[in-house]
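The values are calculated or read from the model by the stated rules, or taken from the named source; none is laboratory data. On a predicted model such as this, the values are computed, not experimentally measured, just so you know. Heads up, the Cβs are rebuilt from the backbone with ideal geometry, glycines too, and the neighbour counts pull from every protein chain shown. Just the protein is used for accessible areas: all its heavy atoms, side chains included, with ligands, DNA and RNA removed. Shrake-Rupley method; radii C 1.70, N 1.55, O 1.52, S 1.80 Å.
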There are 2 protein chains.
Amino acid sequence: MPILVVGSVALDTIETPACCRKDVLGGSATYFSLAASFFHPVRIVAVVGEDMPGQKIACLRRENIDLQGLEVKPGKTFRWRGRYEPDFNIRQTLSLELNVFKNFSPRLFYPYTESPYVFLANIDPDLQRAVLRQVKAQRLAGSDTIDHWIRNRADALLDLLKEIDVFFLNDTEARLISQYASLHLAAKWLERKGPKTVVIKKGEHGVLMLSRGKFFSCPGYPLEKIVDPTGAGDAFAGGFMGYLVSCGGLDDMDIRQAIVYGSVLGSFSVESFGPARLVTLNLRQIKERVRAFKKLTHFELP
Amino acid sequence: MPILVVGSVALDTIETPACCRKDVLGGSATYFSLAASFFHPVRIVAVVGEDMPGQKIACLRRENIDLQGLEVKPGKTFRWRGRYEPDFNIRQTLSLELNVFKNFSPRLFYPYTESPYVFLANIDPDLQRAVLRQVKAQRLAGSDTIDHWIRNRADALLDLLKEIDVFFLNDTEARLISQYASLHLAAKWLERKGPKTVVIKKGEHGVLMLSRGKFFSCPGYPLEKIVDPTGAGDAFAGGFMGYLVSCGGLDDMDIRQAIVYGSVLGSFSVESFGPARLVTLNLRQIKERVRAFKKLTHFELP
């Protein structure tokens with residue numbers, strides 16, 4: 001059974017120190033789906049406006065991606081424009097037009113309602129819960145968030161966490177929601193709120209995970225060049241969920257491997273503007289980088 | 001044969017968000033020696049003023065530390081006063097008094113001149129070279145630096161690198177000296193300048209190492225509380241050099257293990273003001289945390 005992802009499909013305008021690209025295909029559901037589809041079938045629930053050019057979303061038309069839930073509505077597509085500072089660690093949102101995404105309130109239809117695996121990208125936590133309630137046989141639910149929902153909808157987000165298996169967020173968000181400076185303490189605090197697995201993404205510095213009381217930490221894959229970090233977190237979540245569902249298990253080692261696959265997908269994602277690198281990528285290249293990641297981080301006890 | 005360390009023994013005044021401590025024993029040679037002494041004998045070459053209270057340096061009087069090279073000179077001890085911002089990632093130097101350290105120009109005597117293992121803490125690169133020239137049977141030389149020498153003595157530092165086996169520096173310094181934003185590229189650039197092993201310290205984010213063409217990366221050990229990061233880099237170098245010399249080998253896995261031991265010593269160091277935690281620490285606790293570090297970072301390929 002496919003993974004259901006609910007999120008955005010957007011048009012991004014991205015400014016980096018090196019250049020500016022207009023109307024690049026973006027959105028959390030786009031990055032998540034492309035990354036997850038290397039491992040497992042995905043179903044997208046999202047909305048675009050009538051202005052979305054067919055050729056822009058052509059890259060989502062692949063065997064493992066089901067686009068029946070991608071609605072086209074009268075009006076304009078969700079647009080984001082952002083700028084990255086030279087070290088890529090600071091991102092400034094220059095403009096945000098929700099457009100047709102403003103009234104996004106997903107209604108699942110059969111067989112989407114039977115999806116056992118669900119990923120809720122960063123939308124309003126009440127909407128995320130509304131989606132979960134429509135899914136009948138949920139076996140693994142992941143969700144992401146952004147600082148906006150932590151600042152403005154913390155109670156709804158904490159309610160959602162009670163129903164979530166894997167909660168993804170970045171280091172700044174983990175500190176913000178828990179009020180702990182230590183990510184170690186922040187992860188423990190979040191685990192007490194419900195999720196079996198807490199995944200704190202630290203960008204180029206890797207990931208800290210707490211799962212059923214056990215910590216796992218891995219560095220970022222060192223890259224010679226970062227072109228565009230947009231969507232890396234969603235590509236990470238896609239690689240993680242796709243791998244985890246495909247491997248069939250949920251034990252500690254399966255989840256650690258999923259973190260590594262997620263990290264590798266995230267590392268490919270930043271190598272080009274928008275999702276371009278995810279589009280040209282293949283499974284052989286992914287496995288090669290996973291092996292390189294193992295070599296990079298491996299040590300034996302003396 | 002012991003490890004020779006040339007650096008500072010100082011009195012630090014440290015302001016953290018939680019409190020301020022005056023005249024704490026500090027200096028690169030102090031942290032390095034305490035950390036390295038768990039694994040291998042150390043010889044300190046440094047200078048203090050007549051104002052250094054005997055009981056402050058009592059913690060350095062331990063079996064594995066030889067203090068014959070610690071000179072007491074007329075005048076005042078090197079003093080540093082610094083302040084850490086709430087997240088500990090930004091450190092501000094409030095005052096710096098070189099005092100007797102101003103004219104520090106180490107003259108090695110026998111048997112110090114026979115030391116096969118040398119660590120040159122962050123002093124003027126010309127002084128670092130002058131020390132190296134006095135050592136007859138050098139088999140492993142490590143050196144550290146700070147941004148000041150990169151900005152003001154880059155040529156001398158590059159000359160030194162030709163004679164160094166292991167070069168330690170932090171991420172900001174690696175970017176500054178190489179002019180590469182990517183630490184991956186910075187490490188490659190530094191390796192071309194001479195050192196067989198380049199160790200880029202990233203504070204709480206761990207370490208990126210390049211050694212004979214092979215990268216190794218490990219995250220920081222996640223801590224619930226950081227009390228004082230002063231000296232963590234020198235404690236890291238001490239753990240690294242001490243372990244590496246004691247294990248007797250220099251192959252890829254020995255060096256990876258040395259990075260892990262260094263990381264563990266650095267993680268203990270930040271748990272108290274000054275070197276206090278290194279003083280109470282024992283080898284059993286170090287080995288326990290090394291095992292925890294392995295559990296934290298271990299994964300197998302699917």
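Table for the structure above
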quantity	calculated
Subset of the stretch B:73-93 [without any contact (Cβ under 8 Å) to a residue 12 or more places away in the chain and within 14 Å of chain A (Cβ to nearest Cβ)]	B:D87, B:I90
Hits in the stretch A:201-241 - residues which are under 13 Å from A:S263 (Cβ atoms), in contact with a helix residue (DSSP H, G or I) (Cβ under 6 Å, 6 or more places away or on another chain) and more than 9 Å from every other protein chain (Cβ to nearest Cβ)	A:K201, A:M209, A:A232, A:A235, A:F236, A:A237, A:G238, A:G239, A:F240
First in the stretch A:249-278 and closer than 21 Å to A:L210 by Cβ, second anywhere and open to solvent by less than 30 Å² (accessible area, probe 1.4 Å) and of a type in the set (D, E), Cβ under 9 Å, 6 or more apart	A:L250/A:D165; A:G266/A:D234
The stretch A:250-259, subset more than 9 Å from chain B (Cβ to nearest Cβ) and in contact with a helix residue (DSSP H, G or I) (Cβ under 9 Å, 6 or more places away or on another chain), residue most open to solvent (accessible area, probe 1.4 Å)	A:L250
Top-ranked residue in the stretch B:200-222 [being in a loop (DSSP other than H, G, I, E, B) and closer than 18 Å to B:N170 by Cβ; ranked as most open to solvent (accessible area, probe 1.4 Å)]	B:Y221
Scope the stretch B:129-174; condition touching a residue at least 60 places away in the same chain (Cβ under 8 Å) and more than 11 Å from B:V118 (Cα to Cα); matching residues	B:D144, B:F168, B:N170
Filtered residue count, the stretch B:190-199, keeping only those that are of a type in the set (K, R) and either within 12 Å of chain A (Cβ to nearest Cβ) or in a loop (DSSP other than H, G, I, E, B) (or both)	2
Checking B:V131 against (1) at the interface with chain A (Cβ under 10 Å from one of its Cβ atoms); (2) among the aliphatic types (A, V, I, L, M); (3) within 19 Å of the chain's Cα centre (by Cα), the condition it does not meet	(1)
Those residues of the stretch A:163-179 which are more than 19 Å from A:K214 (Cα to Cα) and part of a loop (DSSP other than H, G, I, E, B), in sequence order	A:E163, A:Q179
Residue in the stretch A:167-189 that is open to solvent by 50 Å² or more (accessible area, probe 1.4 Å), of a type in the set (V, I, T) and more than 10 Å from every other protein chain (Cβ to nearest Cβ) present	yes
Any pair with Cβ under 6 angstrom, 6 or more apart, that starts in the stretch B:283-302 at a residue that is at the interface with chain A (Cβ under 7 Å from one of its Cβ atoms) and closer than 30 Å to A:K287 by Cβ and ends at one that is basic (K, R) and not in a loop (DSSP other than H, G, I, E, B)	B:F299/A:R256; B:L301/A:K294
Complete set of residues in the stretch A:138-157 that are under 19 Å from the mean Cα position of the chain (by Cα) and either open to solvent by 20 Å² or more (accessible area, probe 1.4 Å) or on the phi > 0 side of the Ramachandran plot (or both)	A:Q138, A:R139, A:I146, A:D147, A:H148, A:W149
Some residue of the stretch A:242-249 being surrounded by fewer than 24 Cβ atoms within 10 Å (Cβ to Cβ), facing another protein chain (nearest Cβ under 8 Å) and polar (S, T, N, Q)	no
Residues that are of a type in the set (A, V, I, L, M) and within 11 Å of B:I3 (Cα to Cα), drawn from the stretch B:19-44	B:A36, B:V42, B:I44
Test: residue in the stretch B:260-274 that is in contact with a helix residue (DSSP H, G or I) (Cβ under 6 Å, 6 or more places away or on another chain), within 8 Å of chain A (Cβ to nearest Cβ) and either at pLDDT 95 or above or crowded, with 22+ Cβ neighbours inside 10 Å (or both)	yes
Those strands (runs of 3 or more DSSP E) lying entirely in the stretch B:81-155 with at least 2 residues charged (D, E, K, R)	B:91-97
Strands (runs of 3 or more DSSP E) fully within the stretch A:1-74 counting 1 or more residues that are closer than 21 Å to A:I146 by Cα, at pLDDT 95 or above and in contact with a strand residue (DSSP E or B) (Cβ under 7 Å, 6 or more places away or on another chain)	A:3-6, A:10-15, A:20-26, A:42-49
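Rundown of residues vs (1) open to solvent by less than 10 Å² (accessible area, probe 1.4 Å); (2) of a type in the set (D, E), yes/no style:
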{"position": "A:Y31", "(1), (2)": "yes, no"}
{"position": "A:E50", "(1), (2)": "no, yes"}
{"position": "A:P53", "(1), (2)": "no, no"}
{"position": "A:P74", "(1), (2)": "no, no"}
